[in-house]
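Worksheet: one structure, shown below.
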């Protein structure tokens with residue numbers, strides 16, 4: 001029988017019809033299953049601290065064409081959407097589809113919380129999930145010296161006077177590597193604020209642990225009296241942690257050691273840090289003893305005056321400068337001119353404000369300028385200016401006085417006269433023209449004035465080059481400055497740059513230990529120097545490196561096997577002599593010392609070349 005006849009025979013047609021009926025029957029559960037849409041919510045944990053995050057997953061089962069679920073807001077929680085994923089499967093002829101919407105919950109305070117049911121609108125129906133309860137614990141109960149991270153805020157004075165300057169300090173400390181740190185600064189709605197320069201970084205030992213501290217400082221001036229609260233600042237960041245060692249499915253320990261020591265796998269954990277709220281009791285300024293024309297300047301203040309010239313003539317002008325400065329809110333400073341300035345015409349200029357930033361405070365400077373025009377000759381005196389202020393150290397009002405300015409004014413050399421022009425009675429009579437004077441700009445009377453005195457075309461290029469040259473110099477210096485600041489802020493780059501210099505300095509100190517004959521301390525210092533150098537160069541936690549991890553890090557950096565083996569052998573010898581059977585031979589220590597110097601030189605050369 002031919003293939004064509006077989007395919008179109010009655011038996012094959014009947015078999016095909018039966019298969020279609022069977023597939024239709026099998027498809028019925030799929031359709032029924034697709035109509036059953038469910039919404040469920042789940043958390044990855046039901047108890048966490050204010051420094052942790054919680055993953056919320058909303059699963060929509062039975063369809064993949066629904067809108068994003070609505071998650072009701074909860075006071076004390078920050079809920080952010082982080083993406084979705086979908087699944088589709090067919091098991092025993094039954095298909096199932098679902099889509100998962102993921103959210104990250106950032107706790108803002110401790111307490112017990114209940115997530116209200118999330119919901120979607122699907123084909124005219126409102127489908128809800130179940131409510132979920134969980135608990136957030138305070139992370140502040142753990143001592144600061146035992147934490148891998150901490151965020152601390154403090155002020156220099158919790159009971160200031162109104163408009164008195166106080167120092168706000170925010171410290172972010174960590175002894176682990178972090179990435180993606182995002183600061184949500186505190187709100188200072190009841191304060192005037194002044195920045196105290198850029199943030200700075202330094203290291204500090206707390207509880208026997210070395211922390212890298214990022215510090216931000218602000219100068220605050222309370223704008224209200226009574227109880228004020230500085231709300232907590234918040235930092236969210238990712239902690240970079242080394243993954244746990246996984247056992248080989250073959251049960252081979254050598255196989256496990258090879259992979260665990262040769263490759264560094266890391267994972268990240270999201271942490272949320274909150275500083276403590278700060279309560280202040282702001283005291284009002286006393287009414288008793290308050291001088292007239294007092295503006296709320298609180299702190300220490302001084303005022304200086306000066307004149308651009310002290311000897312002038314009647315009708316000339318001199319610029320009087322009044323300089324008010326101090327650790328006060330200088331923007332509120334106002335100047336009241338003395339009453340006895342009737343011998344001068346006074347023209348005021350717009351004051352200028354300068355904010356001088358110090359380590360722990362700001363110094364405000366407000367400069368007033370007045371143009372004085374004396375109206376009579378003689379020895380004239382500009383009287384002292386008085387600025388009242390409140391001194392919080394003595395809790396009393398004081399007045400800052402400037403020095404009087406003496407001016408010697410001489411009479412004008414000639415008086416200003418007005419010349420009257422009278423037309424003659426007989427205008428028809430012609431008279432010779434007389435030159436009465438010359439104008440400021442000369443009037444040319446000959447053809448030589450028509451000569452083209454414009455510069456040559458080639459001179460224009462010289463002028464343009466000279467005009468652009470200062471700008472090019474400025475841009476070059478600015479780019480160098482930005483590059484230098486970037487290097488100073490990049491801690492890992494700074495560690496790489498100073499690694500070799502730091503190691504050589506440590507070796508110089510180790511040589512004194514070698515001369516004393518303290519072999520145990522010698523091996524410990526050599527081991528620490530090698531580890532710190534490698535940690536700084538490869539941006540690794542150097543103090544905790546093992547010889548195997550050090551070798552793996554050098555291999556990942558692209559170094560050859562001989563030098564890696566040499567470095568590894570040096571570390572193993574130091575650890576063996578330090579914790580095992582110690583070598584007491586001075587010659588052996590000197591050999592280790594020389595090998596360390598040579599190895600560091602070779603590593604520095606190769607790592608700098610590979611970079």
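Can you pull out the residues in region 522-546 that are within 21 Å of residue 577 (Cα to Cα) and at pLDDT below 80? The answer is 542, 543, 544, 545, 546. With respect to residue 545, is the statement that it is free of Cβ contacts under 8 Å to residues at least 60 places away in the same chain and within 26 Å of residue 211 (Cα to Cα) true? Answer is yes for this residue. Count of region 283-305 residues, restricted to those that are under 41 Å from the mean Cα position of the chain (by Cα) and surrounded by 12 or more Cβ atoms within 10 Å (Cβ to Cβ), is 15. Within the set 423, 335, 341, the sole residue that is within 21 Å of residue 163 (Cα to Cα), assigned to a loop (DSSP other than H, G, I, E, B) and at pLDDT below 85 turns out to be 335. Of everything listed in (1) within 14 Å of residue 537 (Cβ to Cβ); (2) loosely packed, with under 13 Cβ neighbours inside 10 Å; (3) modelled with pLDDT of 75 or more, the single unmet condition for residue 559 is (2).
Residues are listed down the side, and each one gets a yes or a no for (1) touching a helix residue (DSSP H, G or I) at 6+ places or on another chain (Cβ under 9 Å); (2) surrounded by 16 or more Cβ atoms within 10 Å (Cβ to Cβ); (3) outside any loop (DSSP other than H, G, I, E, B):
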residue	(1), (2), (3)
100	no, yes, yes
105	no, yes, yes
109	no, no, no
130	no, no, no
152	yes, yes, yes
159	no, no, no
163	yes, yes, no
169	no, no, yes
172	no, yes, yes
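Here residue 11 meets each of (1) within 59 Å of the chain's Cα centre (by Cα); (2) loosely packed, with under 11 Cβ neighbours inside 10 Å; (3) at pLDDT below 85 with one exception, condition (1).
Consider region 185-206 and keep the residues that are over 13 Å from the mean Cα position of the chain (by Cα) and exposed (fewer than 15 other Cβ atoms within 10 Å of the Cβ). The one that is nearest to residue 363 (Cα to Cα) is 193.
Residue count for region 193-209, restricted to those that are under 16 Å from residue 152 (Cα atoms) and either assigned to a strand (DSSP E or B) or assigned by TED's automatic domain parsing to the domain that holds residue 356 (or both): 7.
The values are calculated or read from the model by the stated rules, or taken from the named source; none is laboratory data. Nothing here was measured: the structure is a model prediction, and the numbers come from that model. As a convention, Cβ positions derive from the backbone with ideal geometry for all residues, glycine included, and neighbour counts pool all protein chains shown.
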